[in-house]
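All remarks here apply to the structure that follows.
What follows draws every value from the coordinates through simple rules; no lab data is involved. For clarity, every value in this text was computed on a predicted model and none was experimentally measured. A quick note on method: Cβ atoms are made from the backbone with ideal geometry, for glycine too, and the neighbour counts reach across all protein chains shown.
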Amino acid sequence: MAALSKAARKSPAETIRIPALFVFSDRDQVVRPDLTRAIAARWGAWHETVVVNDSDDPAHHVIAGDALSPSTTGKIADRIVAWIGATVAQPALSGRASREKR
């Protein structure tokens with residue numbers, strides 16, 4: 001896992017031209033949310049961050065799913081569906097525009 005994290009940090013995210021949705025918690029105790037934000041900030045295409053700090057998982061790492069975070073599953077699933085719909089509806093989305101949802 002450490003090697004994967006290192007590869008992500010060193011990746012040329014600025015050159016990526018595919019929209020991305022970053023869903024994470026600022027309270028994550030498994031991965032560093034500051035590094036997730038840093039990668040998102042470097043993303044070369046349109047992207048959105050969704051911060052979920054009210055999951056049921058005590059480590060705030062598994063932020064959706066009936067097993068560890070059932071109370072946020074529906075909300076996150078709806079947000080993903082909306083993001084996909086907005087992204088598909090505007091296939092020309094590119095550039096450095098971004099937004100954050102909480």
Check your understanding: In terms of modelled amide H atoms, which long-range or inter-chain residues lie less than 5 Å from the amide H of ALA20?
Key -> HIS47, GLU48
Point to revise | Charge dipole (debye, nearest 20) of the chain; +1 at Cβ of Lys and Arg, -1 at Cβ of Asp and Glu | key: 520 debye
Check your understanding: If you compute Cα Rg over 2.2 N^0.38 Å for the structure shown, which of [x] 1.11; [y] 1.05; [z] 0.99 do you land on?
Key -> [x]
Revision key, fill the gap. Quick calc: nm separation of the 7 Å Cα→Cβ label points for SER71 and GLN29 -> 1.6 nm
